[in-house]
Amino acid sequence: MFTRVLVLLFCALAAVPAGAASVCRAIDGDTIACGRERVRILNIDTPELGSHARCAIEADLAEQARQMTAARLASGQVEIRPDAKRPRDRYGRTLAWVLVDGRDLGDELVAAGLARPWTGRRRPWCP
């Protein structure tokens, strides 16, 4: 039942029109909200925002990552591709690849230096 509901939800969200920032919005660099669903971008790690940041450098990078994620979500057609093997993380977020105009948002964040490939554990962002 859960899988069927998840599939139906993402069929509805699979093609979000350009500029639909109210449909999908950035929570932080690697988490977005699409309607009531929270989605964790697969295979990346971004710095922590606000009080979770361990230094000013991390906080600044986290804000840049959030801004880039928000800008990309608002700039084109958003596609959510849930991970069939691991549908949710320990916080209840849907684990998914997020594509904007066919380009992997996680890869774009890594290329911009605002995310790292996920290796199974967090590494510090502070020097």
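Values quoted throughout were computed directly from the atomic coordinates according to the rules given, and no laboratory measurement underlies them. Everything quoted here is computed from the prediction, not taken from an experiment. We place every Cβ from the backbone using ideal geometry, glycine too, and count neighbours over all the protein chains shown.
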Scan the range 33-69 for residues that are crowded, with 18+ Cβ neighbours inside 10 Å, farther than 27 Å from P127 by Cβ and small (G, A, S) and jot them down. none
When you check A71 against the structure, is it without any contact (Cβ under 8 Å) to a residue 24 or more places away in the chain and of a type in the set (G, A, S), yes or no? yes
Mind listing whichever residues of the range 86-118 are basic (K, R) and either exposed (fewer than 15 other Cβ atoms within 10 Å of the Cβ) or outside any loop (DSSP other than H, G, I, E, B) (or both)? R86, R88, R90, R103, R116
If you go through the range 71-85 one residue at a time, how many are part of a helix (DSSP H, G or I), surrounded by fewer than 18 Cβ atoms within 10 Å (Cβ to Cβ) and touching a strand residue (DSSP E or B) at 6+ places or on another chain (Cβ under 7 Å)? 1
